[in-house]
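The structure appears right after this line, and notes come after that.
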Amino acid sequence: MSTDQLLGLVTGVLFGFLLQKGRVLRFEKQVGAMLFKDMTIVKFMLSAIFVGMVGILLLSDMGIITLSHKPMNVGAVVLGGALFGMGWAVMGFCPGTSIGALGEGRWHAAFAVVGMIAGAALYAELYPFFSETVLAWKDFGKIGLPEVLGISHWLIASLFVGGGVALFFWFEKKGI
Amino acid sequence: MKWKTDDNGWSPYLAGALLGLLAIASAYATTQWLGKTSYLGASTTFVRAAGIIEQTVGPDHVAANEYFVKTKVKVDWQFMLVLGIFAGALISSLADKSFKLESVPPIWEERFGSCVGTRAMGAFGGGVVAMVGARMADGCPSGHGLSGMMQLSASSLVAFVMFFGVGILAARMIYGGRNS
């Protein structure tokens with residue numbers, strides 16, 4: 001196994017372990033959040049984002065790592081995001097959690113995994129069509145919120161964390 | 001705040017914060033050892049898996065497909081990361097005895113019944129639509145939701161809002177707003 005494969009495997013095992021311990025792999029948790037009955041996955045994701053954000057922005061400021069924004073291609077992100085949301089609600093898993101759910105015995109996730117591989121194959125076939133239509137509408141390129149808003153990344157990060165903590169208190173008060 | 005949940009898991013705040021630390025360590029480690037910062041993600045691996053499977057029946061077709069060429073069909077860092085998620089979840093669930101064979105999840109059963117075939121069709125069909133969307137948007141809740149949000153990417157904030165916004169609407173329509 002090459003270095004990159006080994007590093008990926010070790011990182012993935014830890015990733016899967018934390019996803020399972022956080023109990024976010026289950027269909028009930030994912031659909032439960034969409035129905036505002038159980039916000040476990042939102043608490044988990046936002047906690048990961050806030051902690052990760054501080055470290056990633058700091059390491060980037062120090063020039064140790066480089067940021068890698070995905071393109072702000074409006075049609076693709078909006079339409080693709082909407083399609084994902086629809087499929088996610090029916091499937092009850094996202095790509096990473098489907099594999100983890102299979103690991104903790106929820107074997108119906110196998111149908112989701114096969115469906116997603118089929119979806120990827122379908123996308124590869126339709127790619128020439130999408131390139132000329134939805135992907136060609138308006139691409140603002142690989143931009144970050146600090147450039148869009150013209151304010152410091154630390155200010156934006158603070159606003160996110162502040163809003164998120166308020167949300168956490170609301171969830172706990174509601175008991176969801 | 002409780003560190004253990006009622007189902008014997010870890011507090012989602014704790015497990016999530018640890019995942020944030022893992023994301024930082026991973027960005028650092030990939031930069032140091034692989035020469036390029038890689039961020040946690042999952043959906044590109046499904047394209048590579050599709051390419052690897054298609055190569056067994058039609059290698060020329062894969063070699064001629066623009067998207068497979070662009071994505072590079074190979075077992076790379078992220079591919080192993082996704083396989084690792086399976087192993088990590090298996091180890092964790094066996095260790096704390098939360099491993100459970102489940103064919104139809106409760107919320108699904110309440111709405112569509114206990115038929116495995118119906119659930120299989122839902123999971124498969126939902127998977128097809130979700131993956132087309134994820135590849136179009138260039139990311140899933142890992143690549144956009146976690147990694148992109150950590151970097152304050154403009155596209156990731158839009159994708160994150162769309163994932164959850166449409167997911168909430170769709171879930172209400174599919175499973176109903178019934179409060180049990």
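Every number here is computed from the coordinates shown, using simple stated rules; none is lab data. Keep in mind that this is a model prediction, so the values were computed, not measured. Counting neighbours? That spans all protein chains shown, and the Cβs are built from the backbone with ideal geometry, glycine included.
For region B:25-42, state whether one or more residues are in a loop (DSSP other than H, G, I, E, B), under 29 Å from A:Ala120 (Cβ atoms) and of a type in the set (Lys, Arg).
Yes, region B:25-42 contains a residue that is in a loop (DSSP other than H, G, I, E, B), under 29 Å from A:Ala120 (Cβ atoms) and of a type in the set (Lys, Arg).
Which condition from (1) surrounded by fewer than 16 Cβ atoms within 10 Å (Cβ to Cβ); (2) farther than 23 Å from A:Ile41 by Cα is the one that B:Tyr28 breaks?
(1)
Taking A:Val24, is it part of a helix (DSSP H, G or I), in contact (Cβ under 8 Å) with a residue 40 or more places away in the chain and out of contact with any Leu (no Cβ under 8 Å at 6 or more places or on another chain)?
no
What number of residues within region B:60-115 are touching a residue at least 40 places away in the same chain (Cβ under 8 Å), facing chain A (nearest Cβ under 7 Å) and in a loop (DSSP other than H, G, I, E, B)?
Matching residues across region B:60-115 total 1.
Given the structure, is A:Leu18 touching a strand residue (DSSP E or B) at 6+ places or on another chain (Cβ under 9 Å) and either among the polar types (S, T, N, Q) or at the interface with another protein chain (Cβ under 7 Å from one of its Cβ atoms) (or both)?
Taking the combined requirement at face value, the residue satisfies it.
So if I check each of B:Ala42, B:Ala87, which one is crowded, with 23+ Cβ neighbours inside 10 Å and at negative phi?
Among B:Ala42, B:Ala87, only B:Ala42 is crowded, with 23+ Cβ neighbours inside 10 Å and at negative phi.
Looking only at region B:18-55, which residues are more than 14 Å from A:Ile56 (Cβ to Cβ) and free of Cβ contacts under 8 Å to residues at least 24 places away in the same chain?
Of everything in region B:18-55, those that are more than 14 Å from A:Ile56 (Cβ to Cβ) and free of Cβ contacts under 8 Å to residues at least 24 places away in the same chain turn out to be B:Leu18, B:Gln32, B:Trp33, B:Gly35, B:Lys36, B:Ala50, B:Gly51, B:Ile52, B:Ile53, B:Glu54, B:Gln55.
Only one of A:Gly105, A:Gly164 is in contact with a Leu (Cβ under 8 Å, 6 or more places away or on another chain) and over 27 Å from B:Phe86 (Cβ atoms). Can you tell me which?
A:Gly164
Of all residues in region B:117-141, which are within 7 Å of chain A (Cβ to nearest Cβ) and farther than 24 Å from A:Ser131 by Cα?
Residues satisfying the conditions are B:Arg119, B:Ala120, B:Gly122, B:Ala123, B:Phe124.
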